[in-house]
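**Q** Structure in structure tokens, see below.
The values are calculated or read from the model by the stated rules, or taken from the named source; none is laboratory data. Computed from a prediction, not measured in an experiment: that's the story for all the values here. Counting neighbours? That spans all protein chains shown, and the Cβs are built from the backbone with ideal geometry, glycine included.
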Amino acid sequence: MKAQIELGIGDIIKTLDFSGAVLVKSGGETLYESTGGYANRSEKRNNTLLTRFGIASGCKLFTAVGIAMLVESGKLTFQTKLKDCLDINFPNFDEKITIHHLLTHSSGIADYFDEEVMDDFEELWEELPMYKMNNLSTFLPLFQDQTMMFSPGARFHYNNAGYIVLGLIIEQATGMTFTDYIETQIFKKIGMNSSGYFSLDQLPKNTATGYIDGQDGWKTNVYSIPIKGGADGGAFVTAPDMITFWEALLSYQLLTEDTTTLLLTPHIESDEDEYYGYGVWIDRRGDEILKYHIMGYDPGVSFHSAFYPESGVKLVIPSNKSEGAYDVMLEIEKYIM
């Protein structure tokens, strides 16, 4: 398997002009690792395995784990209603919305960026400057007064606003900022020492700048995404740190076995043979789980990471370009699925 991956991936990385990192592991064995492109194009600073990459929505799973921790501590249940755990007025929200609905993108609330009807994430910041989006509450004006799209539980509809609400629930339940909570209760707890929610104007060393290719050449994404990530996306991780997260989650270092199983349960169908658990996509064929995976896309960011239960393989593919990670993952899957 290792030789096959090395042979197949090299060509596609060159074809894509891939910029990022690739890490594939099974147990303690590294099956493949590679890097390409620049973390900083102006300085021609290369990406490495220790480079921190933005992962956009890939960190919704961290939010889900954070909520599950509060469930285990007795502060919440997955069936707790939104109206009973968050002291914020949502005048048009259905009172039947539960944490389960928010976690599974089935709450029915309007999203602040609806990927089914909006094409360009950058357009959001034309009237609301991205440099003001530095905490969860700043997103509320984008959806707080909107009417419901459908009744809670009626169907799946991918929803960033629902995860903003989950982050606000965490803040009220803990008295901590969302980012401090995730960094202390997850990252530091399991040794994800290079990961965090960093402000774009205060990035630490070894952090990749996101790049957007346009008609006039490349530009950075610093004016195209919120200045600081939060509950719906925007953390920075290294590839090894993401492997550490999967290993900790699957060995019950973060949650009990029962809660982990519930997190990884296919709760709702999003597409044919594709389901969603709590913060995680799940591909299955009949009763067989093919993979658990997370993904994230922003201008200047593409990210995929997955665990394949049959083979035990874990992969992480962060990129500081808007495309590339998905194609690399598909190539790797030819040899591990």
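**Q** List pairs: first residue in region 35-53 and assigned to a strand (DSSP E or B), second residue surrounded by fewer than 18 Cβ atoms within 10 Å (Cβ to Cβ) and β-branched (Val, Ile, Thr) anywhere in the structure, Cβ distance under 6 angstrom, at least six positions apart or on different chains.
**A** THR35/THR48
**Q** Another question about this same structure. Of the residues LYS291, LYS321, only one is among the charged types (D, E, K, R), out of contact with any Cys (no Cβ under 7 Å at 6 or more places or on another chain), touching a residue at least 12 places away in the same chain (Cβ under 8 Å) and buried (at least 23 other Cβ atoms within 10 Å of the Cβ); which?
**A** LYS321 is the lone residue from the list that is among the charged types (D, E, K, R), out of contact with any Cys (no Cβ under 7 Å at 6 or more places or on another chain), touching a residue at least 12 places away in the same chain (Cβ under 8 Å) and buried (at least 23 other Cβ atoms within 10 Å of the Cβ).
**Q** Answer yes or no: is there a residue in region 151-160 that is crowded, with 20+ Cβ neighbours inside 10 Å, farther than 21 Å from LEU315 by Cβ and among the hydroxyl-bearing types (Ser, Thr, Tyr).
**A** no
**Q** How many residues are part of a strand (DSSP E or B) and either of a type in the set (Val, Ile, Thr) or in contact with a helix residue (DSSP H, G or I) (Cβ under 7 Å, 6 or more places away or on another chain) (or both) if we restrict to region 194-232?
**A** Residues flagged as part of a strand (DSSP E or B) and either of a type in the set (Val, Ile, Thr) or in contact with a helix residue (DSSP H, G or I) (Cβ under 7 Å, 6 or more places away or on another chain) (or both) within region 194-232 amount to 5.
**Q** So how many residues does region 233-253 have that are out of contact with any Gly (no Cβ under 7 Å at 6 or more places or on another chain), part of a loop (DSSP other than H, G, I, E, B) and over 13 Å from LYS189 (Cα atoms)?
**A** 2
**Q** Which is assigned to a helix (DSSP H, G or I) and not charged (D, E, K, R), of LEU86, LEU102?
**A** The unique qualifying residue is LEU102.
**Q** Here's another thing I want to ask about it. Residue by residue through region 1-53, note down the ones that are modelled with pLDDT under 95, among the hydrophobic types (A, V, I, L, M, F, W, C) and out of contact with any strand residue (DSSP E or B) (no Cβ under 8 Å at 6 or more places or on another chain).
**A** Across region 1-53, the qualifying residues are ALA3, LEU7, ILE12, LEU16.
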